[in-house]
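What follows is a set of notes on a single structure, which appears directly below.
The values are calculated or read from the model by the stated rules, or taken from the named source; none is laboratory data. On a predicted model such as this, the values are computed, not experimentally measured, just so you know. Every residue, glycine as well, gets a Cβ built from its backbone with ideal geometry; the counts of neighbours run over all protein chains shown. Accessible surface areas use protein heavy atoms only, side chains included; no ligands, DNA or RNA. Shrake-Rupley method; radii C 1.70, N 1.55, O 1.52, S 1.80 Å.
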Amino acid sequence: MGMTMSQKILAAHAGLDAVEPGQLIKAKTDLVLGNDITAPVAIKAYRAAGFGPVFDREKIALVMDHFTPNKDIKAAEQCRLVREFAKEQDILHFYDVGEMGIEHALLPEKGLAAPGELIIGADSHTCTYGALGAFSTGVGSTDMAAGMAKGIAWFKVPAAINFKLTGAPAKWVSGKDVILHIIGRIGVDGALYKSMEFTGGGVAALSVDDRLCMANMAIEAGAKNGIFGVDGAALEYLRDKVSRPFEIYSADADAEYDEVIEIDLSAIRPTVALPHLPDNCKTVDEAGGIPVDQVVIGSCTNGRLEDLRAAAAILKGRKAAKNVRVIIIPATQLIYRQAMDEGLFTVFLDAGCVISTPTCGPCLGGHMGVLAKGERAVATTNRNFVGRMGHTESEVILASPAVAAASAVTGTLSSPENL
């Protein structure tokens, strides 16, 4: 029996010739990730276990991004704990205020994710790096602690679903629309503990930023990971970021999939997820007109330069509706500078938006845009659970940057095609 991309990476890191779905393995990790919420828990477990030096100071990344700059005393104490640990262990990849970014945008930018690597992180959206041909997945904080100490993690080898992409998306359709369409089709448990493998000629029509967005949201379908094959676009993205050797894996011709689902990208319309699950999806044509109080454009899903450019293309020469608060959050310091240098900040400020330092902030109802009772946001984030961005009686609609920007202008959920 042949193996999928994910199975090949797991087998290689476990020192095995082959693995099969359901098999339990121990595998060596190439990177262990934590943030200011999950790393403190891992560090306390690490110390309680009596671990000494970390397995490799260059293969651990600690990113202070969720509640930073610190929003309150508890957040400050959490970050201080991580800072002290990073100093004590001489962690090379420690990113704090002034040099940090939203972790899943920052790590690819820094060249910390490469094809064929195995990455674990104490954050569910660690699956983002599958866009670059890595096997990456979220783990618990105690698994992170063991990973930091030993450089090993255990896995149950996932089965896979092959999403065969064809065609090319229309002008205002992005990777966010594609992944929402897919989640709406299969459900939030449609890929439970499986690998979502994206293949087919349509992949070439998606930018690397599109792919990062799609892999990021694989977890919202219950998947263990999402993964793309490595093509010329991915290699060009990696060219000036990764200098270490890496191995590119591709699925065997006889790899077994639980299902093959064909997706015609040209047929996908601008799509949103209505409250309160990522699979409550409709096209904007079907759902448009809902009043909006706040728009958030950012997050580890859609805070990259391509996303900000899409939003600016809509907002240029226009004003946000008087009743709508619009928050723009570049995902990293580099993206912040690039957007500023391109003049995107002028567009956003002229439109009446506020621009934040990189932070996860409002995505998890932490800060920089918490919703009050009865308020509704259109957000380019990845989750819209009850109370996700604030009050349990608030609502979040997930959308692409283009749809979010159009909604900011009209004050209601809107398609950019209708402006």
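Side notes on the structure shown:
- Long-range amide H partners of Thr332 with built H, under 5 Å: Ile102
- Restricting the GluC sites (Glu not before Pro) of the range 365-408 to loop positions (DSSP other than H, G, I, E, B) with no more than 13 neighbouring Cβ atoms within 10 Å leaves Glu393.
- Taking trypsin sites (Lys or Arg not before Pro) across the range 12-57, none is in a DSSP loop with at most 11 further Cβ atoms lying within 10 angstrom of its Cβ.
- Highest-MSF residue in the chain out of Ala12, Ala48, Ala113 [GNM, Cα springs under 10 Å]: Ala48
- Among Gly226, Gly138, Gly289: highest mean-square fluctuation, GNM of the chain, C-alpha pairs under 10 Å: Gly289
- Summary of the geometry: the range 172-220 and the range 342-419, compared by the centres of their Cα atoms, lie 21 Å apart.
- Counting charges near Asn323 (Lys, Arg +1; Asp, Glu -1) among other residues having Cβ under 13 Å from its Cβ returns a value of +2.
- Loop-resident trypsin sites (Lys or Arg not before Pro) (DSSP state other than H, G, I, E or B) in the range 124-199 with no more than 11 further Cβ atoms inside 10 Å of their Cβ: Lys171.
- Of all the options Leu265, Leu212, Leu24, the one that moves most in a Gaussian network model of the chain with Cα springs shorter than 10 angstrom is Leu24.
- Note, ³J(HN,Hα) from phi for the range 234-247, Karplus 6.51, -1.76, 1.60, rounded to Hz, x at Gly and Pro: 5, 5, 5, 4, 7, 3, 9, 10, 10, 10, 6, x, 9, 10
- By accessible area, using a 1.4 Å probe on protein heavy atoms only, the range 272-419 has 50% of its surface on carbon and sulfur.
- Per residue value of the accessible surface for the range 120-163 (all protein chains in place, 1.4 Å probe), Å²: 21
- Estimated from helical segments only, the mean residue ellipticity of the chain at 222 nm is -8500 deg cm²/dmol, where each DSSP H run of four or more residues counts as -39500 (n - 2.57).
- With both residues required to sit in the chain, DSSP beta bridges show an antiparallel share near 20%.
- Here the 3J(HN,Hα) profile of the range 367-381, calculated from phi with Karplus coefficients 6.51, -1.76 and 1.60 at θ = phi - 60°, is 6, 6, x, 6, 8, 8, 4, x, 7, 10, 10, 9, 9, 8, 7 Hz, Gly and Pro shown as x.
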